[in-house]
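Have a look at the structure below, then the notes.
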Amino acid sequence: MLRLAVCVSGGGTNLQALIDAIEAGVINNVRIVRVISSRHDAAALERAAKAGIETRVVFRGDYSGKDSFEEALKEALDEAEPDLIVLAGYLTVIPASVVDAYRNRIINIHPALIPSFCGKGCYGLKVHEEALKRGVKVTGATVHFVDEGCDSGPIIMQKAVAVQDDDTPETLQKRVMEEAEWVILPKTVGLIAENRVEVHGDRVRILS
Ligand code: GRF
């Protein structure tokens with residue numbers, strides 16, 4: 001059984017995609033043991049509670065310093081004894097100590113085809129605004145391992161989504177979620193549960 005800790009900050013639709021895939025038996029031998037939110041008011045917390053998943057809030061504003069916040073986050077993760085940590089719309093930088101302790105056991109979903117439209121400050125709607133501004137015809141989503149950099153870890157899976165002439169950042173965001181994010185995130189978790197994901201330096205091989 002692959003024990004997942006899922007970190008969230010917002011709506012939690014990617015968390016929901018995981019819950020649904022587990023409940024529907026699309027992915028097997030996976031259990032979400034804890035959802036950790038960076039905000040007290042994240043709607044994702046309601047989704048977790050509805051699915052009977054234990055939740056914790058580790059909000060930066062509740063801590064006097066960076067160190068005590070990072071310690072609390074590490075403790076909330078460690079306590080859950082996860083095999084894999086999933087960043088599903090988590091808007092806080094993971095401390096280096098956590099990255100190091102969970103090397104190649106933290107994955108993130110990014111709403112673009114990395115290395116396009118990623119890096120510091122490029123998250124949420126901004127990603128889609130930038131894609132439209134640049135006039136790309138194809139965008140998509142990426143699931144990657146998390147390293148010390150920003151969106152720089154080994155890429156596990158990507159899915160392309162066509163940009164339409166009348167797209168706005170909002171319509172593009174919605175289509176990227178529906179057609180790519182909610183598909184490749186559960187799929188990646190399923191492959192990891194089956195021990196089919198191997199990391200070789202910057203490259204990831206999916207075993208058939
Ligand atoms: C998604 O677009 C995800 O790729 C990005 O933040 C958004 C989170 O959405 N990192 P949700 O909270 O899963 O609904």
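The values are calculated or read from the model by the stated rules, or taken from the named source; none is laboratory data. The model shown is predicted, which means the values in this text are computed figures rather than measured ones. A quick note on method: Cβ atoms are made from the backbone with ideal geometry, for glycine too, and the neighbour counts reach across all protein chains shown. All accessible areas refer to the heavy atoms of the entire protein, side chains included, with ligands and DNA or RNA removed. Shrake-Rupley method; radii C 1.70, N 1.55, O 1.52, S 1.80 Å.
Hey, does the stretch 32-42 have a residue that's in contact (Cβ under 8 Å) with a residue 24 or more places away in the chain, away from the ligand (no atom under 16 Å from the Cβ) and either open to solvent by 40 Å² or more (accessible area, probe 1.4 Å) or within 24 Å of Glu148 (Cα to Cα) (or both)? Yes, some residue in the stretch 32-42 is in contact (Cβ under 8 Å) with a residue 24 or more places away in the chain, away from the ligand (no atom under 16 Å from the Cβ) and either open to solvent by 40 Å² or more (accessible area, probe 1.4 Å) or within 24 Å of Glu148 (Cα to Cα) (or both). Look at the stretch 80-100: where a residue is more than 13 Å from the ligand (Cβ to nearest atom) and a partner is hydroxyl-bearing (Ser, Thr, Tyr) and open to solvent by 10 Å² or more (accessible area, probe 1.4 Å), sitting 6+ places away or on another chain with Cβ atoms under 8 Å, you get Pro82/Tyr102; Ile85/Tyr102. Of all residues in the stretch 122-133, none that is over 11 Å from Gln173 (Cβ atoms) and part of a helix (DSSP H, G or I) has its Cβ atom under 6 Å from the Cβ atom of a residue that is more than 13 Å from the ligand (Cβ to nearest atom) and at pLDDT 95 or above, 6 or more apart or on another chain. Looking across the stretch 130-183 at every residue that is within 13 Å of the ligand (Cβ to nearest atom) and over 25 Å from Val204 (Cβ atoms), the one that is most open to solvent (accessible area, probe 1.4 Å) is identified as Lys174. Considering the stretch 91-101, and only residues there that are within 16 Å of Ala72 (Cα to Cα) and in a loop (DSSP other than H, G, I, E, B), the residue that is most open to solvent (accessible area, probe 1.4 Å) turns out to be Val93.
Looking only at residues of the stretch 43-83 that are assigned to a helix (DSSP H, G or I) and of a type in the set (Asp, Glu), we find that the one that is least open to solvent (accessible area, probe 1.4 Å) is Glu70.
For every residue, the table says whether it meets (1) farther than 26 Å from Ala42 by Cα; (2) hydrophobic (A, V, I, L, M, F, W, C).
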| position | (1), (2) |
| --- | --- |
| Gly121 | no, no |
| Gly124 | no, no |
| Thr142 | no, no |
| Cys150 | no, yes |
| Ala160 | yes, yes |
| Val163 | yes, yes |
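How many of the residues making up the stretch 1-18 are assigned to a strand (DSSP E or B) and of a type in the set (Gly, Ala, Ser)? Walk me through how you get there before you give the answer.
Residues of the stretch 1-18 that are assigned to a strand (DSSP E or B), as a first pass: 2-8.
Imposing the further condition that a residue be of a type in the set (Gly, Ala, Ser) reduces the set to 5.
Matching residues across the stretch 1-18 total 1.
Within the option set Ala21, Ala112, being surrounded by 20 or more Cβ atoms within 10 Å (Cβ to Cβ), aliphatic (A, V, I, L, M), within 25 Å of Thr139 (Cβ to Cβ) and away from the ligand (no atom under 12 Å from the Cβ) holds for one residue only, Ala21.
Taken over the stretch 19-42, the residue count meeting the criterion of being of a type in the set (D, E, K, R), farther than 15 Å from Cys7 by Cβ and not in a strand (DSSP E or B) is 3.
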